[in-house]
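Have a look at the structure below, then the notes.
The values are calculated or read from the model by the stated rules, or taken from the named source; none is laboratory data. All figures in this text were calculated on a predicted structure; none of them were measured in a lab. Counting neighbours? That spans all protein chains shown, and the Cβs are built from the backbone with ideal geometry, glycine included. Note: accessible area is taken over every heavy atom of the protein model, side chains too, but ligands, DNA and RNA are not part of it. Shrake-Rupley method; radii C 1.70, N 1.55, O 1.52, S 1.80 Å.
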Amino acid sequence: MSTITDQLIRFRKAEVPAEAAVMMRLSLFDWAACGIAGAQAGEFDDFAAAQRAMGAGQAQIFGGGTATAPLAALVNGTLSHALDYDDTHFAHIGHPSVAVLPAVLALAQELRAPLDEVVEAATLGVESSILVGLWLGRSHYQVGYHQTATAGAFGAVMGCARLLELDKHQLRAALGLCASMASGLKSQFGTMAKPLNAGLAARTGVEATLWAQAGMTAAEDGLAGPLGFGPTHHGEAAEVSLPRGTWHITDISHKFHACCHGLHAMLEALRGADLDLGAVEGIHIRTHPRWMSVCNIAAPTTGLAAKFSYAQTCAMALLGHDTGGIANFTDEITQDPAITALRDKIRVSEEARLSETQSEVAVSFAGGAMRRLKHDLSAPIPLEVRAAKLQDKAVALLGEDHAEALWLAAQGDDLPALTDQLVRS
């Protein structure tokens, strides 16, 4: 009987559809902008310096300096997820690019691979992470594992294996090694360890494939076999089919608010609402039950925790604070009297009939009036509109000149031209 491991091994040589590669180019641009801005924020400066101190290598680190491919993947994965502004795929509730791209890009620099091969390998890796996430199922996520770190690590292995051209025996070993290394918990949300989860997944992808290439072996099926990763990590072993035609990556969701993606449907519902806040008596947010344990911190006290709070971000949006601006998520804003007063009027409840991409907001006013708002993030966004929104986001993060140079580099095929942008001040 074919297992998910067997399927991934067959998938390693799949032809990447053009539309999937186009979406990957957009995510590459967005990922790089988030990583550059994450490095500029400075929160992980000491962490990055500690990795650089372990020795220089050929792989560029966001913000400056080089390291070996595993350490560069660790740092760049962490920094690109530091702002929690990177892409998401709701099929498995994970952030695929921050686990896969740092691994593939770091290894590609050592291999001197062209950018086209990076895009192809990363696309395969992201698609693989989604497949593994679907196979693990919702119970794996709900019990407390962070799919970005777990499914993402296997995706990083697949992307790196594509670059290294591992044979089926080596890839089986790499996936088995990854099964002993992949980790990451949702309990870290709202702390510096959440972005570290992404960095660890990226490093695992590089290390597991290099070790397998060097001849290290592992369990025959460390992912799906007896006592493998899935059976021991609350995996559902859901039936998954390799994509035919359209790949899952084409449904990737990019962030246009600098907070947990579970909050975005609510924030989009509020966009342009123009409410008379003086007359508001209460706000009732309804969301899918899964988000209640992810991003429903009622009274956050730090900027990081604010990114996981319906009440905080709702109040910020209604009071005119730009939730797309990373500078607005500070410790101080959680104590703003106007925000805390409005937070007290906000109630959040689960609603099973809503999907994970939907949210509803009911606003009640003095005198009994009611206004209902809703949004679904799965609504298609034309490719040219998405590209324009991502470029606007990059301008806000990096400035117009840097954003334009990064866009041109991400659309080209010169890997050094792209990596040069990662350290541009």
Exercise for the section: Search the structure for amide H atoms under 5 Å from the amide H of GLY94, placed 1.01 Å from N in the peptide plane, and list their residues when 5 or more places away or on another chain. Expected result: HIS89
Practice task
May I ask you to order 116-128, 410-422 by the average number of other C-beta atoms within 10 Å around their residues, highest value first?
Solution key: 116-128, 410-422
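Could you tell me what % of all Cα pairs in the stretch 132-183 have separations over 14 Å?
52
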Handout entry: Phi to ³J(HN,Hα) by Karplus 6.51 cos²θ - 1.76 cosθ + 1.60 over the stretch 323-332, Hz, x for Gly, Pro
Key = 6, x, x, 5, 5, 7, 8, 10, 4, 5
Exercise for the section: For the chain, with a Gaussian network of springs between Cα atoms less than 10 Å apart, report the residue from VAL363, VAL100, VAL132 with the top mean-square fluctuation. Expected result: VAL363
Problem - Anchor LYS13: lysines whose Cα lies under 17 Å away (excluding residues fewer than 8 positions away in-chain) - result: LYS168
Practice task
Take the alpha-carbon centre of the stretch 160-175, take the same for the stretch 277-304, and report the distance between them in whole Å.
Solution key: 44
Problem - Choice from GLY152, GLY35, GLY230 with maximal GNM fluctuation in the chain (Cα, 10 Å cutoff) - result: GLY230
Exercise for the section: Enter the Cα centre distance for the pair the stretch 115-143 and the stretch 384-411, rounded to the nearest angstrom. Expected result: 25
Fill in the blank from the handout: A 1.4 Å probe over the protein heavy atoms gives the stretch 7-85 a carbon and sulfur accessible-area percentage of 53
Fill in the blank from the handout: Taking alpha-carbon centroids only, the stretch 189-229 lies from the stretch 324-340 a number of Å equal to 36
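In whole Å, what three semi-axes, largest first, describe the equivalent ellipsoid of the stretch 84-161 built from its Cα gyration tensor (square root of 5 times each eigenvalue)? Kindly include the intermediate steps, with their values, before the conclusion.
On the way: eigenvalues 113, 23, 18 Å².
Semi-axes, largest first: 24, 11, 9 Å.
Near ALA273, within a Cβ-to-Cβ distance under 11 Å, what is the net charge of the other residues, with Lys and Arg +1 and Asp and Glu -1?
0
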Fill in the blank from the handout: Karplus-derived 3J(HN,Hα) from phi for the stretch 192-202 (6.51 cos²θ - 1.76 cosθ + 1.60, θ = phi - 60°), whole Hz, x at Gly and Pro, runs 5, 6, 5, x, 4, 3, 5, x, 5, 5, 5
Fill in the blank from the handout: Scattering profile of the chain from the Debye formula, Cα beads only, expressed as log10 I(q)/I(0) at q = 0.10, 0.12, 0.14 Å⁻¹, is -0.64, -0.92, -1.22
Exercise for the section: Sort by residue number and report every cysteine in the chain with no other cysteine beta carbon within a distance under 4.7 Å. Expected result: CYS34, CYS160, CYS178, CYS259, CYS314
Problem - Under the Karplus curve 6.51 cos²θ - 1.76 cosθ + 1.60, θ = phi - 60°, whole-Hz ³J(HN,Hα) for the stretch 120-126, x wherever Gly or Pro sits - result: 4, 5, 5, 4, 4, x, 5
Exercise for the section: Using a cut-off of 12 Å between beta-carbons, work out the net charge of the residues near ARG371 (Lys and Arg +1, Asp and Glu -1, ARG371 not included). Expected result: -2
Handout entry: Percent accessible area from carbon and sulfur atoms, the stretch 280-425, protein chains only, probe 1.4 Å
Key = 51
Practice task
Have a look at ALA237, ALA99, ALA306 and tell me which one the Gaussian network model of the chain (Cα, springs below 10 Å) gives the largest fluctuation.
Solution key: ALA237
Problem - Carbon + sulfur, % of accessible area of the stretch 115-197 - ligands and nucleic acids excluded, 1.4 Å - result: 49
Handout entry: Residues whose placed amide H lies under 5 Å from that of TYR145, excluding near-sequence neighbours
Key = LYS186
Completion exercise
Under 5 Å from the placed amide H of THR68, counting only residues 5+ away or on other chains, we find GLY57
Exercise for the section: Give me the accessible area per residue for the stretch 267-425, probe 1.4 Å, as a whole number in Å². Expected result: 48
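Taking a quarter of the surface of the Cα convex hull of the stretch 276-380, what do you get in nm²? Provide the component values of the computation, followed by the final result.
On the way: hull surface 28.0 nm².
Computing the convex hull of the Cα atoms and averaging its projections yields 7.0 nm².
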Fill in the blank from the handout: A correct Stokes-Einstein calculation for the stretch 4-134, using the alpha-carbon Kirkwood radius, 37 °C and 0.692 mPa s, returns a whole-number D in µm² s⁻¹ of 218
Problem - Accessible solvent surface per residue of the stretch 201-245, calculated while the other protein chains remain in place, 1.4 angstrom probe, Å² - result: 54
Exercise for the section: Could you work out the local net charge near HIS402, counting Lys and Arg as +1, Asp and Glu as -1, over the other residues with Cβ closer than 12 Å to its Cβ? Expected result: -3
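When the helix-only estimate is applied to the chain (DSSP H runs of n ≥ 4, each -39,500 (n - 2.57), divided by the residue count), what is the mean residue ellipticity at 222 nm, nearest 500 deg cm²/dmol? Present the calculation step by step, with values, prior to reporting the outcome.
On the way: 17 runs with 212 residues, N = 425.
After summing the helix terms and dividing by the residues of the chain, the value is -15500 deg cm²/dmol.
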Exercise for the section: Could you calculate the FRET efficiency of THR250 with ASP116 from 1/(1 + (r/R0)^6), where r is the beta carbon distance between them and R0 is 25 Å, rounded to 0.05? Expected result: 0.85
